[in-house]
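These notes concern the structure reproduced below.
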Ligand SMILES: [Fe+2]
């Protein structure tokens, strides 16, 4: 297996990730209460469609097919976004959950483009570098705009009343159980670090 094979795997992952986002972003846009946030998600949906097209072009340059890998990472992040959409929060606090989910998707993609650009640089693939850099720049700009739009929404959310303790749903109970398992699994390593 060579660097070019690793690059192809990662690019197919990115292609799947972008396609998953084309499906997920309309849900975030529909769910967002804040008009500016809604508009940002909608604008980024259009950008994302363009990014899918650019990735197809990358594969034309590489003389390979874009399909063949499902991105589990993005599936997980989109799943977290669904949790945020299902919360029965109101107004600004609800939007804050969506902002957290959206920023996760952007930064996941930023990492993916940074890694694949480095590989393409090592391989001297200038056309591929150019196309991927356009996508990377759009992701970074999108993340910056979402972070900027988040400021007043978070301020408003900070003034909303805290919710009292409510009984947990089956999904929340499962999540709490898994979280305890994560903690337990890490415990040995953490003890080693302390000693
Ligand atoms: Fe994207």
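Inspect the range 69-83 for any residue being away from the ligand (no atom under 14 Å from the Cβ) and outside any helix (DSSP H, G or I) and give the result as yes or no.
yes
With the condition kept exactly as written, say whether any residue in the range 66-77 is farther than 20 Å from residue 110 by Cβ, crowded, with 22+ Cβ neighbours inside 10 Å and touching a helix residue (DSSP H, G or I) at 6+ places or on another chain (Cβ under 6 Å).
no
Confirm whether residue 133 is outside the structural domain of residue 61 (by TED's automatic domain parsing), assigned to a helix (DSSP H, G or I), surrounded by fewer than 17 Cβ atoms within 10 Å (Cβ to Cβ) and without any contact (Cβ under 8 Å) to a residue 60 or more places away in the chain.
Considered against the rule, which asks whether it is outside the structural domain of residue 61 (by TED's automatic domain parsing), assigned to a helix (DSSP H, G or I), surrounded by fewer than 17 Cβ atoms within 10 Å (Cβ to Cβ) and without any contact (Cβ under 8 Å) to a residue 60 or more places away in the chain, residue 133 comes out as no.
Answer yes or no: is there a residue in the range 90-100 that is part of a helix (DSSP H, G or I), within 16 Å of the ligand (Cβ to nearest atom) and assigned by TED's automatic domain parsing to the domain that holds residue 27.
no
From the list 89, 138, pick out the single residue that is surrounded by 14 or more Cβ atoms within 10 Å (Cβ to Cβ) and within 17 Å of the chain's Cα centre (by Cα). Don't jump to the end; show me each part of the working.
Details: 89 fails: within 17 Å of the chain's Cα centre (by Cα).
Testing whether each residue is surrounded by 14 or more Cβ atoms within 10 Å (Cβ to Cβ) and within 17 Å of the chain's Cα centre (by Cα) leaves just 138.
Identify all residues within the range 8-67 that are within 11 Å of the ligand (Cβ to nearest atom) and more than 18 Å from the chain's Cα centre (by Cα); write none if there are none.
Result: 54, single match.
Hey, does the range 150-161 have a residue that's at pLDDT 95 or above, in the same structural domain as residue 91 (by TED's automatic domain parsing) and within 16 Å of the ligand (Cβ to nearest atom)?
Scanning the range 150-161 turns up no residue that is at pLDDT 95 or above, in the same structural domain as residue 91 (by TED's automatic domain parsing) and within 16 Å of the ligand (Cβ to nearest atom).
The values are calculated or read from the model by the stated rules, or taken from the named source; none is laboratory data. Because the structure is predicted, anything quoted here is derived from the model rather than measured. We place every Cβ from the backbone using ideal geometry, glycine too, and count neighbours over all the protein chains shown.
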